[in-house]
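Working notes, beginning with the structure itself.
The values are calculated or read from the model by the stated rules, or taken from the named source; none is laboratory data. Being a predicted model, the structure only gives us computed values, none of them experimental. Ideal geometry is used to build each Cβ from the backbone, glycine not excepted, and the neighbour counts take in all protein chains shown.
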Amino acid sequence: MKRVMQLRHLTYHIVNSSTNTTVGDEVTHSFSTNVSIITVGTQHALDPLTTVKAWVNNVDNASALIQHEWHSKSLFTIFGEVDTESIDKSPKVELALALKP
């Protein structure tokens with residue numbers, strides 16, 4: 001069994017609590033591969049039921065999602081990711097629906 005040792009540091013700052021606007025960062029270092037990944041992101045509530053999030057990292061990924069709560073904690077999410085180093089690759093787009101009774 002391969003053991004993976006990681007060190008992870010997270011920070012975030014609330015910019016505007018009324019719109020749930022925050023910025024944050026994450027630094028992850030893997031000791032087994034000696035690779036560090038730095039991610040910086042933000043989120044903002046468009047309205048009380050809709051949130052937009054976006055983040056980029058130093059390994060050439062940029063991602064974003066929009067999430068809408070449409071019925072009693074049930075969520076509809078659209079997610080997109082692009083490899084900024086390989087623009088000729090197609091971006092990834094995902095749709096998700098989480099239903100709670």
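Residues in the stretch 76-96 that are modelled with pLDDT of 90 or more and either charged (D, E, K, R) or touching a Pro at 6+ places or on another chain (Cβ under 9 Å) (or both): 80, 81, 82, 83, 92, 94. Evaluating residue 59 against the criteria (1) aliphatic (A, V, I, L, M); (2) surrounded by 10 or more Cβ atoms within 10 Å (Cβ to Cβ); (3) in a strand (DSSP E or B) leaves one unmet condition, (3).
The residues in the stretch 20-61 that are β-branched (Val, Ile, Thr) and in contact with a His (Cβ under 6 Å, 6 or more places away or on another chain) can be counted, and the count is 5.
Within the stretch 59-75, the set of residues being modelled with pLDDT of 95 or more, over 26 Å from residue 87 (Cβ atoms) and either among the hydroxyl-bearing types (Ser, Thr, Tyr) or under 14 Å from the mean Cα position of the chain (by Cα) (or both) comprises just one member, 67.
Of all the listed residues (86, 30, 74), the sole one being out of contact with any strand residue (DSSP E or B) (no Cβ under 6 Å at 6 or more places or on another chain) and surrounded by 13 or more Cβ atoms within 10 Å (Cβ to Cβ) is 74.
Look through the stretch 48-86, keep the residues that are among the charged types (D, E, K, R) and touching a Leu at 6+ places or on another chain (Cβ under 7 Å), and return whichever of them is farthest from residue 27 (Cα to Cα). Talk me through it step by step, then tell me what you get.
Here is the first cut: in the stretch 48-86, the residues among the charged types (D, E, K, R) are 53, 60, 69, 73, 81, 83, 85.
Subset that is touching a Leu at 6+ places or on another chain (Cβ under 7 Å): 53, 69.
Numbers: 53: 18, 69: 30 Å.
By that ranking, first place goes to 69.
Please verify whether the stretch 47-58 includes one or more residues that are of a type in the set (D, E, K, R), farther than 30 Å from residue 71 by Cβ and over 14 Å from the mean Cα position of the chain (by Cα). Taking every residue of the stretch 47-58 in turn, none turns out to be of a type in the set (D, E, K, R), farther than 30 Å from residue 71 by Cβ and over 14 Å from the mean Cα position of the chain (by Cα).
The number of residues in the stretch 5-34 that are more than 24 Å from residue 46 (Cβ to Cβ), in contact with a Ser or Thr (Cβ under 9 Å, 6 or more places away or on another chain) and among the polar types (S, T, N, Q) comes to 3.
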